[in-house]
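Here's the structure, in structure tokens; my notes come after.
Taken together, the values in this text are just the output of simple stated rules run on the coordinates, not laboratory data. Please read all numbers here as calculations on a predicted model, not as lab measurements. Quick reminder, even Gly has a Cβ in these numbers, built from the backbone with ideal geometry, and neighbours come from all protein chains shown.
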């Protein structure tokens, strides 16, 4: 009895969002941002890693409607259970299209991905975290997915090495690699590709013999920020799975009060079945 009464009260409430708007301006994306939700991500060993993502859900809005129904975005997300998996993203987007009567739907998620790394000499094991982002879209029935991984690395300046009698300045750099692929490209593969392009990779746990090793490795492999993006781009071009990429590198210079930056972007190439990054 009370449920029926509450339903009638809800039906009587004015739906302002569905009223007509006369400005004739469609909105490309409208929705919700900053949702925290548990997700599961497959790693290359086919194990599942549980983490927490920050999610944005949006749809397009035709010019004739005043607003969208924000609660429906959360309803669609929650309908897929407590844990969201990468494989369920297309289903979520289809749910947004249907629930909000939209032509296109978008999902963005950002989450920490953890990789167990072994120190090069002592074998000490520690976890390193990487920032991963997925940007998925469903336009009609066409699905696309871009994956972005932010990889911290060590870079050593070739100029400093060439002109200095003792040592060379080095710093932590951040490489942001965004890509589309026609086949699965694993997050770990992206991390390895980027780390191989730098002076040296980073570790969370190093003993003194390890510190000696990584310091000398960086000294033997100096790279400018320009070298770094070219090295990454060269490896991406050699991977037939990758159809498009953008590589950005930013070095937090240790002897300057500014950062050094470089970027290379490859034009999209036609290929079957895009959007299979995992």
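A Förster distance of 25 Å, applied to the separation of the beta-carbon atoms of residue 110 and residue 40, puts the FRET efficiency at 0.95. Full extension of the chain segment joining residue 83 with residue 124 gains 11.5 nm, where the gain is 0.36 nm per residue of separation less the Cα-Cα distance. Seen against the Cα atoms of the chain and their longest principal axis, helix 208-220 is set at about 90 degrees. Using only the alpha-carbon atoms, how far is helix 2-12 inclined from the longest principal axis of the chain? Give it as 0 to 90 degrees, nearest 10. Compared with the principal axis, the helix lies near 90 degrees. Per DSSP H run of at least 4 residues, take -39500 (n - 2.57); add these up for the chain, divide by its residues and hand me the 222 nm value, nearest 500 deg cm²/dmol. Dividing the helical sum by the residues of the chain leaves -8000 deg cm²/dmol.
Over all Cα atoms in the chain, the spread is summed up by Rg and Dmax: 23.4, 87 Å.
Each residue, residue 172 and residue 189, gets one label point 7 Å from its Cα in the Cβ direction; the gap between the two is 2.9 nm. A full extension of the chain between residue 163 and residue 71 corresponds to an added length of 27.0 nm, given 0.36 nm per residue minus the alpha carbon distance. Modelled spin labels at residue 99 and residue 25, positioned 7 Å past Cα toward Cβ, are 2.8 nm from each other. To test your reading of the geometry: what angle, between 0 and 90 degrees and rounded to tens, separates the Cα axis of helix 89-100 from the longest principal axis of the chain? The helix 89-100 is inclined about 30 degrees to the chain.
Here the chain carries DSSP beta bridges of which approximately 95% are antiparallel, counting only pairs with both residues inside.
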